[in-house]
Amino acid sequence: MSTTTWSARLREKAFGNFTPEDMLPDTQPAYVVSWIYIFGALTLAALGMLIVSGLVLTFGGIHWWHVSPLGHFVNSVHAWSVQLFFLFMVVHLWGKFWMAAWRGKRTATWITGALAFFGSIATALTGYLIQTNFDSQWIATQSKDGLNSAGIGSFFNTLNTGQAILMHVALLPLIVGGIAIWHVLLVRRRGVVPPIGAQLTDTQPTTEGQAH
């Protein structure tokens, strides 16, 4: 079938080379039993908890978690998910850096992972700004001074709580989530990077049961 429309060409370019085996593989290379390969999945799991708990907080309202026992619990889940998310992501990034994960035409995979990290920092900052407590006021004033000194304070006013809420709830999660999906698709397309110096026989796909 001829792809004459821009949407068809975009679909073909984005998904044309993906097979069901790429999207939902039932085999993995033997070297993925190493502990360093688990931190990518743990990062995604923590991101999932962040999204779910964040949605609950959003529906409850900006002050709900200050006065509700359930709100306190959900806010705690959200806060601890942030800590775990960054812990897992930093270990994942450092592990892949020392493995030179951009090898084998995986440059875009590495770049999207780095972009997700920097986008997550901005998302976390806006999350601190909307706590509506003394901590958020202190962070807002200090970050405003930092942004002003860098010459970009006019583009983002950290003292504007409404602006921070919009960015934290609507804009930045969509950006980070989109980059994360793109990153995972690239991993599925190119496969996980093998260890440096791995022999060909060490990188042949094996069933999950055999790998473990």
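For region 128-157, the set of residues classified as of a type outside the set (A, V, I, L, M, F, W, C), in a helix (DSSP H, G or I) and in contact with a helix residue (DSSP H, G or I) (Cβ under 8 Å, 6 or more places away or on another chain) consists of Tyr128, Asp135, Ser136, Ser143, listed by residue number. Of all residues in region 40-54, those that are surrounded by fewer than 16 Cβ atoms within 10 Å (Cβ to Cβ) and within 10 Å of His78 (Cα to Cα) total 2. Close Cβ contacts (under 7 Å, 6 or more residues apart or on different chains) running from residues in region 166-191 that are charged (D, E, K, R) to residues that are part of a helix (DSSP H, G or I) and surrounded by fewer than 19 Cβ atoms within 10 Å (Cβ to Cβ) comprise Arg188/Asp22; Arg188/Met23; Arg189/Asp22. Is one or more of the residues making up region 66-85 in a helix (DSSP H, G or I), hydrophobic (A, V, I, L, M, F, W, C), without any contact (Cβ under 8 Å) to a residue 60 or more places away in the chain and closer than 17 Å to Ile175 by Cα? Scanning region 66-85, I find at least one residue that is in a helix (DSSP H, G or I), hydrophobic (A, V, I, L, M, F, W, C), without any contact (Cβ under 8 Å) to a residue 60 or more places away in the chain and closer than 17 Å to Ile175 by Cα, so the answer is yes.
Scanning region 95-116 for residues that are surrounded by 15 or more Cβ atoms within 10 Å (Cβ to Cβ), aromatic (Phe, Trp, Tyr) and in a helix (DSSP H, G or I) gives a single hit, Trp110. Scanning region 29-51 for residues that are β-branched (Val, Ile, Thr) and within 12 Å of Val82 (Cα to Cα) yields a count of 2.
Suppose the filter is part of a helix (DSSP H, G or I), of a type outside the set (Gly, Ala, Ser), over 30 Å from Ile196 (Cβ atoms) and touching a helix residue (DSSP H, G or I) at 6+ places or on another chain (Cβ under 8 Å); does His183 pass it? The answer is no for His183.
When Phe86, Phe73, Phe59 are checked against the criterion of being under 21 Å from Val184 (Cα atoms) and modelled with pLDDT of 90 or more, Phe86 stands alone in meeting it. Among the residues of region 162-197, those that are of a type in the set (Gly, Ala, Ser) and within 12 Å of Leu115 (Cα to Cα) comprise Gly177, Gly178, Ala180.
Look at (1) within 22 Å of Gly177 (Cα to Cα); (2) loosely packed, with under 14 Cβ neighbours inside 10 Å; (3) within 20 Å of the chain's Cα centre (by Cα); (4) modelled with pLDDT under 95 and you find that Ser7 fails only one, number (3).
Scanning region 22-37 for residues that are of a type outside the set (S, T, N, Q) and surrounded by fewer than 16 Cβ atoms within 10 Å (Cβ to Cβ) turns up Asp22, Met23, Leu24, Pro25, Asp26, Val33, Trp35.
Matching residues to (1) surrounded by fewer than 18 Cβ atoms within 10 Å (Cβ to Cβ); (2) within 15 Å of the chain's Cα centre (by Cα):
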| position | (1), (2) |
| --- | --- |
| Phe118 | yes, yes |
| Trp138 | yes, no |
| Asp145 | yes, no |
| Ala150 | yes, no |
| Phe155 | yes, no |
| Leu159 | yes, no |
| Gln163 | yes, no |
| Val176 | no, yes |
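As for region 30-41, it holds no residue that is under 26 Å from Gly162 (Cβ atoms) and either in contact (Cβ under 8 Å) with a residue 40 or more places away in the chain or not in a helix (DSSP H, G or I) (or both).
The values are calculated or read from the model by the stated rules, or taken from the named source; none is laboratory data. Treat the numbers as computed from the prediction; the structure is a model and nothing was measured. As a convention, Cβ positions derive from the backbone with ideal geometry for all residues, glycine included, and neighbour counts pool all protein chains shown.
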